[in-house]
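Colleague: Got a structure for you, written out below as structure tokens; questions coming shortly.
The values are calculated or read from the model by the stated rules, or taken from the named source; none is laboratory data. Since we're looking at a predicted model, the values are computed, not measured. Counting neighbours? That spans all protein chains shown, and the Cβs are built from the backbone with ideal geometry, glycine included.
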Amino acid sequence: MPRRPPVRRRAEQRMGCLLLSRRLHVFLGPQSQGLRRIAISRCHPVKWCWSISFLGHAGFLGLYPPLMNLITTTEGLEAACADLAKAPFIAVDTEFMREQTFWPRLCLIQIAGGDTEVLIDNMAPDVDLAPFFDLMVDENVLKVFHSARQDIEIIHHMAGVVPHPIFDSQVAAMVCGFGEAVSYAMLVKRLLGRNLDKSSRFTDWSRRPLSERQLTYALGDVTHLRDLYPKLRAQLDKSERASWLNEEMAVLTDPATYELHPEQAWRRLKMRIKTQKALAILMELAAWREREAQSQDVPRSRVLKDEALYDIAGQAPRTIEDLGGLRSLHNGFARSSRGRAVLEAVQRGLQRDPASVPTLQRGTPMPPEAQAVMDLLRVLLKATAGRHGVAPKLIATTDELEQIARSNDADTSALRGWRRKLFGEDALALKRGELSLTIREGSVTVLPSEEPEDPS
């Protein structure tokens, strides 16, 4: 057998060293630096063999757990949850898919707490998730998520419980001034100095077996999150803003947040309608579509697209022929069972009690003076957020600013709790003429008005 060229041999040796270095990092994390230097110090075949021999005699493969602790049995899950329950906090994440379904389809659960790191294959035939759900409601264990809403939605749908207590690192980052909806990768980079490989994010998590690359990616999400939590908690304690976060967590742990009532489905839609009659029909159509999508577990758009809802509500078809004449519907829809159901929904909308139909407000033009007030409120919001190091979106949304511009008694979160103290009171004072905005040294500054206007 001919010998390989020296250049090729050296390349293969170096690749082997780098692979060993990476595997050491996965197993040992930061503690692996010394052994990693051994592996990549010199790409010499003798040293390479010595490194492998050293690790083998040291019992590396026996002393440390397998790369992926993938749980596929109820017994294994019970043991893991018992260990995790001993930790003061655990990092939790899920991988799911919902492109083809109404309800998210859970494919994998990742948890890291203390020295325990596990991946739970909920799709394995011999796994009962009861121990996991019990852990989620254990009051003695804090559950740390990043962007928790969808993860909690899955758990609530499957088991009827809401994890508590919880800590959402995305919301905490917004409170700590890392910007609006800061990404997980950016947060890990800024606080831990680590770069994340997100190439496996959009892979098919429902296919089995899962690749080692997928499992490595999934486990990394919670091991990094476990390291993020103490740093974010320290910043919150230093800034004395933990109570701000508690208000947000109260919303996320409220079961009502995840209850989807078909009668309220119309509120998710943009109000592209102009009359109360059209709104009444839209309310009935949206409720029917929601029930249909939930019962058949298909996306709402698979039942009927939003544009079709607006079209039907505006035209109010009463016969199959009228319905079939709408361009937003495909051929044959009018004579299908869904077409008949749509006509029935239209009829219910036409017969609806007008008192049960809310007054149309969206799309109502703002008076010029209110628009000017809103422009000032935007400036005040940005100045306040910058001064306190908080994401503006966390304080007030555009819709909330519009409500404040229209009314001093607006029912909005921006005028309640810590938001009122931080921004709401200044916003109302600005409207009364008791505050003014100016620029000092290139920054917007809030000053008391020299001549406050009479509020009457």
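Colleague: Residues in region 416-437: is at least one on the phi > 0 side of the Ramachandran plot, assigned to a loop (DSSP other than H, G, I, E, B) and not assigned by TED's automatic domain parsing to the domain that holds ALA316? Lay out the reasoning, then the answer.
Modeller: Of region 416-437, the ones on the phi > 0 side of the Ramachandran plot are 417, 433.
Those still in the list that are assigned to a loop (DSSP other than H, G, I, E, B) too: 433.
Filter once more, so that each one left must be not assigned by TED's automatic domain parsing to the domain that holds ALA316: 433.
Yes, region 416-437 contains a residue that is on the phi > 0 side of the Ramachandran plot, assigned to a loop (DSSP other than H, G, I, E, B) and not assigned by TED's automatic domain parsing to the domain that holds ALA316.
Colleague: Give the residues of region 142-163 that are surrounded by fewer than 21 Cβ atoms within 10 Å (Cβ to Cβ) and not basic (Lys, Arg), sorted by residue number.
Modeller: First, pick out the residues of region 142-163 that are surrounded by fewer than 21 Cβ atoms within 10 Å (Cβ to Cβ): 142, 147, 149-150, 153-154, 156-162.
Those that are surrounded by fewer than 21 Cβ atoms within 10 Å (Cβ to Cβ) and not basic (Lys, Arg): LEU142, SER147, GLN150, GLU153, ILE154, HIS156, HIS157, MET158, ALA159, GLY160, VAL161, VAL162.
Here's the yes/no breakdown for (1) among the charged types (D, E, K, R); (2) in contact with a Phe, Trp or Tyr (Cβ under 6 Å, 6 or more places away or on another chain); (3) not assigned by TED's automatic domain parsing to the domain that holds ASP227:
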| position | (1), (2), (3) |
| --- | --- |
| GLY160 | no, no, no |
| PHE167 | no, no, no |
| LYS189 | yes, no, no |
| ASN195 | no, no, no |
| SER200 | no, yes, no |
| THR203 | no, no, no |
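Colleague: Scanning region 294-314 for residues that are within 28 Å of the chain's Cα centre (by Cα), in a helix (DSSP H, G or I) and free of Cβ contacts under 8 Å to residues at least 24 places away in the same chain, which turns out surrounded by the most Cβ atoms within 10 Å (Cβ to Cβ)? Working first, answer last.
Modeller: Taking region 294-314 first, the residues within 28 Å of the chain's Cα centre (by Cα) are 294-307, 309.
Filter again for in a helix (DSSP H, G or I), leaving 294-296, 300-303, 306-307, 309.
Pick out the ones that are also free of Cβ contacts under 8 Å to residues at least 24 places away in the same chain and you get 295, 301-302, 307.
Details: SER295: 9, SER301: 12, ARG302: 15, GLU307: 12.
Residue satisfying both the conditions and the ranking: ARG302.
Colleague: Output the number of residues of region 327-338 satisfying the condition of being surrounded by fewer than 16 Cβ atoms within 10 Å (Cβ to Cβ) and within 21 Å of LYS270 (Cβ to Cβ).
Modeller: 2
Colleague: Would it be correct to say that ASP297 is under 23 Å from GLU99 (Cα atoms) and assigned by TED's automatic domain parsing to the domain that holds ILE273?
Modeller: Numbers: under 23 Å from GLU99 (Cα atoms): yes; assigned by TED's automatic domain parsing to the domain that holds ILE273: yes.
Yes.
Colleague: In addition: Suppose we filter region 109-132 for residues that are on the phi > 0 side of the Ramachandran plot and among the charged types (D, E, K, R); how many remain?
Modeller: First pass over region 109-132, keeping only residues on the phi > 0 side of the Ramachandran plot: 114.
In the following step, the residues that additionally are among the charged types (D, E, K, R) were identified as none.
The qualifying residues number 0.
Colleague: Scan region 134-165 residue by residue and report those that are part of a loop (DSSP other than H, G, I, E, B), among the acidic types (Asp, Glu) and touching a Ser or Thr at 6+ places or on another chain (Cβ under 8 Å).
Modeller: Hits for region 134-165: nothing passes.
Colleague: Which residues, counting only those in region 167-197, are part of a loop (DSSP other than H, G, I, E, B) and touching a helix residue (DSSP H, G or I) at 6+ places or on another chain (Cβ under 6 Å)? Break it down stepwise before answering.
Modeller: Start the filter on region 167-197 by keeping residues that are part of a loop (DSSP other than H, G, I, E, B), which leaves 176-183, 193-197.
Result: CYS176, GLU180, VAL182, ARG194, LEU196.
Colleague: Quick one: VAL379 ticks every box in (1) surrounded by 18 or more Cβ atoms within 10 Å (Cβ to Cβ); (2) assigned to a helix (DSSP H, G or I); (3) among the β-branched types (Val, Ile, Thr) bar one, so which box is it?
Modeller: (1)
Colleague: Looking at region 228-242 only, could you name the residues that are part of a helix (DSSP H, G or I), surrounded by fewer than 17 Cβ atoms within 10 Å (Cβ to Cβ) and out of contact with any Gly (no Cβ under 9 Å at 6 or more places or on another chain)? I'd like the intermediate steps shown before the answer.
Modeller: Of region 228-242, the ones part of a helix (DSSP H, G or I) are 228-239, 242.
Subsequent filtering for residues that are surrounded by fewer than 17 Cβ atoms within 10 Å (Cβ to Cβ) retains 230-231, 234, 237-239, 242.
Result: PRO230, LYS231, ALA234, ASP237, LYS238, ALA242.
Colleague: Looking only at residues in region 398-432 that are small (Gly, Ala, Ser) and in contact with a helix residue (DSSP H, G or I) (Cβ under 9 Å, 6 or more places away or on another chain), which one is farthest from MET374 (Cα to Cα)? If you could, list the steps in order and put the result at the bottom.
Modeller: Just the residues of region 398-432 that are small (Gly, Ala, Ser), to begin with: 405, 407, 410, 413-414, 417, 424, 427, 429.
Still in the list and also in contact with a helix residue (DSSP H, G or I) (Cβ under 9 Å, 6 or more places away or on another chain): 405, 410, 413-414, 417, 424, 427.
Working: ALA405: 5, ALA410: 14, SER413: 17, ALA414: 14, GLY417: 21, GLY424: 13, ALA427: 10 Å.
Step by step, filter region 398-432, then rank; the result is GLY417.
Here is a yes/no grid of residues against (1) free of Cβ contacts under 8 Å to residues at least 24 places away in the same chain; (2) within 30 Å of the chain's Cα centre (by Cα):
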| site | (1), (2) |
| --- | --- |
| PRO367 | yes, no |
| ALA370 | no, no |
| VAL373 | no, no |
| LYS382 | no, yes |
| ALA391 | no, yes |
| ILE395 | no, yes |
| GLU400 | yes, yes |
| GLN403 | yes, yes |
| ARG406 | no, no |
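Colleague: Tell me the residue from GLY332, GLY349, GLY339 that is in the same structural domain as LEU309 (by TED's automatic domain parsing) and assigned to a loop (DSSP other than H, G, I, E, B), please.
Modeller: On the way: GLY349 fails: assigned to a loop (DSSP other than H, G, I, E, B); GLY339 fails: assigned to a loop (DSSP other than H, G, I, E, B).
Checking each option against the conditions leaves just GLY332.
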